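Notes to accompany the following structure.
Since every read-out is calculated from the coordinates, none of them should be taken as a lab result. Everything numeric here is computed off the predicted structure, so don't read it as measured data. We place every Cβ from the backbone using ideal geometry, glycine too, and count neighbours over all the protein chains shown.
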Amino acid sequence: MSRRVLLGGGVAAAGVAGIGWGAATLTHREHHTDPAARTVPFFGAHQSGIDTEPQDQCAFVGFDLVPGTDRADIIGLLRIWTDDAARLTQGRPALADTEAELAARPARLTITVGFGPGLFTAAALEHARPHWLKALPPFTIDRLEEAYTGADLLLQICADEATTVSHAVRVLCKNVTSLVRVRWVQRGFRNASEGQSMRNLMGSVDGTVNIASGVDFDRLVWDDGTGLPWLAGGTSMVLRRIAMDLDTWDELDDDGRELSVGRRVANGAPLTGTGEFDDPDFEAVDDTGIPVIPPSSHIARAHHSTDGERFLRRGYNYDDAPAPGTVSNSGLLFACFQRDIDAQYLPVQQRLADFDALNQWTTPIGSAVFAIPPGVPKPGGYLGQPLFE
Ligand code: HEM
């Protein structure tokens, strides 16, 4: 009997019964008072972790397929990940979970799978590859490092607790080492107070202007299957690792920071307003005729010039160990979701690469793109199944 089967039986019995709780046994009150017990449904038309209110902690894991891995191997891997994700997200240990106790605090765990360009080549499915699924064009601001660029497969693992994320990352990685190699792991965090967006490590309120769930999501994020039927309910993701030069940013006073971003440091209000969610007025000028929000500021440059240029931003801060002789190694794991990278994301990114006041302090050092397959509608299916049928 394999270790997986042996452990699986034991864990299933000890885990669910022994831990003594699962989503189904919780009362509404317990759900409400114990944040660690909160769960996000796994099965559904879309993968979770996209329209889910961002959790506090996240790990993005990029994998390379081992040479020779084929379509059947990939399906096998996706079946394992589906089974593990369906259990872990609901607070149940994975099969062969050697630290089953760690599954007991799902803390809104979501596990989202993405396919890089190389997966379509390995699976001999080039004809089913979305036209926008390719490395982004090089931008003059880029200083990309191989260690954070590209990948054949992605796991985005988010939860409100770092221990939960670590456990899920380990479970999902260690069972598939014969098929994939971890290329990078990028860990991030974000904390928001109620009614306000998170702050990034430059101190700015970040994430204010975004796509609201509902109609905008259906229009701008979820694919409707018109071009590629298998992608209906899926989307795309761009992940950029953007380093911040906090030593030189520290030299700038609040006025300088506000003119660079176009928003106030104190509460994220646009320079033409008083509250975070006030609409910026890019036309407003002061007594001397100078625009109140500088046209060179980040929000003026990033603002969509047509409705079709909008996308969902769902980024995380990162703060890793500094290189010897330096003080910080911080930045933003910029993650965004949209139906079509070429039409929605690229025009904005190109505008920012051409000019953005923030570029003086920020440098993209990693870049990867993924097709995000739809969700698994019900137990028995596996992630990406419509692509392989
Ligand atoms: C807005 C920070 C990179 C797209 C903002 C805001 C901040 C910010 C503070 C204002 C608050 C908000 O609406 O969220 C940063 C930092 C970056 C970065 C520190 C790099 C380290 C990017 C990139 C893109 C982007 C790479 C896209 C290619 C946007 C968009 C908005 C925005 C679309 C909303 C603009 C509007 O319509 O008002 N960003 N950002 N940002 N950012 Fe960034």
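What whole number of Å gives the distance from the Cα centroid of segment 315-389 to the Cα centroid of segment 47-68?
10 Å
Give the dimensionless ratio obtained when the Cα radius of gyration of the chain is divided by 2.2 N^0.38 Å.
Output field value: 1.02.
What residues have an amide H closer than 5 Å to that of ARG199, excluding those fewer than 5 places away on the same chain, when H is modeled at 1.01 Å from N in the peptide plane?
ASN191, ASP206
Tell me the mean residue ellipticity at 222 nm calculated for the chain from its helices only (DSSP H runs of n ≥ 4, each -39500 (n - 2.57), averaged over every residue, nearest 500).
When only DSSP H runs of four or more count, the value is -6000 deg cm²/dmol.
Which trypsin sites (Lys or Arg not before Pro) does segment 152-181 hold that lie in a coil by DSSP with at most 16 other beta carbons within 10 Å?
Here no trypsin sites (Lys or Arg not before Pro) fit, given the DSSP loop and packing criteria.
Send over the per residue convex hull volume for segment 256-310, Cα only, as a whole number of Å³.
Convex hull volume per residue, Cα atoms: 85 Å³.
So if we plug the beta-carbon distance of ARG170 and ASP250 into 1/(1 + (r/R0)^6) with R0 = 35 Å, what FRET efficiency do we get, rounded to 0.05?
0.45
Which Cα, out of GLY380, GLY315, PHE277, lies furthest along the positive dipole direction of the chain (beta carbon charges, K/R +1, D/E -1)?
The residue sitting most towards the positive pole is GLY380.
Cα centroid distance between segment 98-150 and segment 152-216, in Å?
Between the Cα centre of segment 98-150 and that of segment 152-216, the gap is 13 Å.
Taking square-rooted eigenvalues a ≥ b ≥ c of the alpha carbon gyration tensor, is segment 167-235 rounded, prolate or oblate, where a/c under 1.5 means rounded and, failing that, a/b exceeding b/c means prolate?
oblate
Select from THR326, ALA266, ILE290 the residue farthest towards the positive end of the dipole of segment 229-339; place +1 on Cβ of Lys and Arg, -1 on Cβ of Asp and Glu, and compute about the Cα centre.
THR326
If you place +1 on the Cβ of every Lys and Arg and -1 on the Cβ of every Asp and Glu, how big does the dipole about the Cα centre of the chain come out, in debye to the nearest 20?
Charge dipole, the chain, about its Cα centre: 1820 debye, nearest 20.
Give the list, by residue number, of cysteines in the chain with no other Cys Cβ closer than 4.7 Å, or say none.
Within the chain, the cysteines lacking a partner Cβ under 4.7 Å are CYS173, CYS336.
Peptides 61-69, 371-379: what's the order by average Cβ count within 10 Å, highest mean first?
Top of the packing list down: 371-379, 61-69.
Which length gain, in nm to one decimal place, applies between ALA284 and ARG79 when the Cα-Cα distance is subtracted from 0.36 nm times their residue separation?
Extending this stretch completely gives an extra 68.3 nm.
Tell me, what is a quarter of the convex hull surface for the C-alpha atoms of segment 339-389, in nm² with one decimal?
5.7 nm²
In debye, nearest 20: dipole of segment 55-98 around its Cα centre with unit charges on the Cβ of K, R (+) and D, E (-)?
That gives segment 55-98 a dipole magnitude of about 160 debye.
Go through segment 106-113 residue by residue and turn each phi into a ³J(HN,Hα) via Karplus (6.51, -1.76, 1.60, θ = phi - 60°); whole Hz please, and just put x for glycine and proline.
Once rounded to whole Hz, the list reads x, 6, 6, 4, 10, 10, 10, 9.
Distance in nm between label sites at VAL215 and ALA162, each 7 Å beyond Cα in the beta-carbon direction?
Distance between label points: 4.2 nm.
5 Å is the cut-off here: which amide hydrogens, built 1.01 Å from N in the peptide plane, fall below it relative to THR235, excluding neighbours closer than 5 in sequence?
Placed amide hydrogens put ASP223, ILE372 under 5 Å from THR235.
Please report, in debye to the nearest 20, how large the charge dipole of segment 281-389 is about its Cα centre when each Lys and Arg carries +1 at its beta carbon and each Asp and Glu carries -1 there.
The calculated dipole for segment 281-389 is roughly 500 debye.
Starting from the Cα gyration tensor of segment 258-365, take the square roots of the eigenvalues, sort them a ≥ b ≥ c, and report rounded, prolate or oblate (rounded when a/c is under 1.5, otherwise prolate if a/b is larger than b/c, else oblate).
Judged from the Cα gyration tensor, segment 258-365 comes out oblate (a/c at least 1.5, b/c at or above a/b).
Can you give the relative contact order of segment 110-155 as a percent, counting alpha carbon pairs under 8 Å and 6+ residues apart?
68 percent
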